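Heads up: the structure comes next, in structure tokens.
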Amino acid sequence: MKITFPHMGNVYIAAKGLLEDLDREVVLPPPITKKTLDLGTKYTPESICMPLKINIGNYIESIEKGADTVLITGSCGPCRFGFYASMEKKLLKELGYDVNFISFDPPEGNPKKLLNEVIKATGTNNYFKIMKAGIRAKKLLYATDELLDYSNYKRAVTIHKNKVDKIMDEFYSRIEKTKGIDEMNSLIRSSYNKLKLIKENKKDNLKIGIIGEIYTIIEPFVNLNIEKKLGYMDVIVDKALTPSKWVSHHLGIGQIGISEEKKKWKKARPYLKALVGGHGRETVGSAVIYAEEKYDGLIQILPFNCMPEVVAESILPSVQRDHNIPIMTLIVDEMTGEGGYQTRIEAFIDLVKKRKESQNDRIIFRG
């Protein structure tokens, strides 16, 4: 069995480490490029959301490298992500690819089915061994996210931004060739220590919160490297959702994560009481929390045609008005152009900067 899975931020690093520690063979899809997106766009319905298109591109490129099994998590509620596994399986079969799918769907009263899928993916029914590997992979995921967050902070507060890029580019290049969780943790520590040596030039940096649909927040190709773009503008960024936060929120690992999700729901309640699928409710709640924490502005990112985030987008102007915080919405799809995207970000940051300098006028920005 040669297992693959789609790129989704840093998730692939923890998944690779987990499976390799259980002696499974992993075939990583190549880093996402325009070719990946073009493949997915060619073979999927035009109106389907962008993450599924890239998933299909990931799978095709992995299958061409020898993968025969696709691993994916499932979902429930009013979001198309819950249909990804069945849709992708059907699409690949129509294209002539004979691969197995292992889907970690929510139990919904049938935990045995989920356990069977876990056993199939890990190749063992030793639950202690699986749990031990899972706990180690979770820590690896947290460490990887912390490294990325630290690199974003460093990029914003140093004049040596190219050094940060060089360290992180080397990390992502080497991580694909590194096998097992222990070696990966060692690489993370050495990369972190290199970043610490970069001299900081602290000043009154802007702080921007990134909110929206999780895939577009955490996958650099999809959001056109917005964290790096903002870092080069000396902006400190914080993401409302990361892979490690998703684990805490949705897999019930750690009371802190669960309470944070409920905190977001509570903050969203005056604006949005119902579940709308995806992370629409969390987007609204996160916007309120960032405003209360005195962030200078917010950027919502979502894929075109994402229903939960469209609902959140329609509510954010009320949050913006009530909490006097600038909010811009960026919608991405396969037609998104780098030039226009960059111009909008620069214009928004310029506005936020002038707003902060004036500290007087109530500026409302509508993205």
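Numbers below:
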read-out: Whichever residue in region 73-84 is within 16 Å of Thr4 (Cα to Cα) and surrounded by fewer than 21 Cβ atoms within 10 Å (Cβ to Cβ) and, among such residues, is modelled with the highest pLDDT; value: Thr73
read-out: Wholly within region 85-192, helices (runs of 4 or more DSSP H) carrying at least 3 residues that are touching a Ser or Thr at 6+ places or on another chain (Cβ under 7 Å) and closer than 23 Å to Val70 by Cα; value: none
read-out: Identity of the residue in region 1-15, of a type outside the set (A, V, I, L, M, F, W, C) and buried (at least 18 other Cβ atoms within 10 Å of the Cβ), that ends up farthest from the chain's Cα centre (by Cα); value: Thr4
read-out: Residue among Val332, Val352, Val310 that alone is within 18 Å of Ile217 (Cβ to Cβ) and crowded, with 19+ Cβ neighbours inside 10 Å; value: Val332
read-out: Residue among Lys166, Lys154, Lys161, Lys138 that alone is closer than 20 Å to Ala15 by Cα and either at pLDDT 95 or above or surrounded by fewer than 20 Cβ atoms within 10 Å (Cβ to Cβ) (or both); value: Lys138
read-out: Where a residue in region 183-202 is assigned by TED's automatic domain parsing to the domain that holds Leu148 and among the hydroxyl-bearing types (Ser, Thr, Tyr) and its partner, wherever it lies, is assigned to a helix (DSSP H, G or I) and surrounded by fewer than 17 Cβ atoms within 10 Å (Cβ to Cβ), with Cβ under 7 Å and at least six apart; value: Tyr192/Tyr150
read-out: Residue within region 217-231 that is part of a helix (DSSP H, G or I), under 14 Å from the mean Cα position of the chain (by Cα) and among the acidic types (Asp, Glu) present; value: yes
read-out: Every residue from region 16-49 that is assigned to a helix (DSSP H, G or I) and either of a type outside the set (D, E, K, R) or surrounded by 18 or more Cβ atoms within 10 Å (Cβ to Cβ) (or both); value: Lys16, Gly17, Leu18, Leu19, Glu20, Asp21, Thr36, Leu37, Leu39, Gly40, Thr41, Tyr43
read-out: Qualifying residue in region 50-59 (condition: touching a residue at least 40 places away in the same chain (Cβ under 8 Å), of a type outside the set (Phe, Trp, Tyr), touching a Pro at 6+ places or on another chain (Cβ under 9 Å) and not in a helix (DSSP H, G or I)); value: no
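The values are calculated or read from the model by the stated rules, or taken from the named source; none is laboratory data. Bear in mind the structure is a predicted one, so any value in this text is a computation, not a measurement. Please note: Cβ atoms are built from the backbone with ideal geometry, for glycine as well, and neighbour counts cover all protein chains shown.
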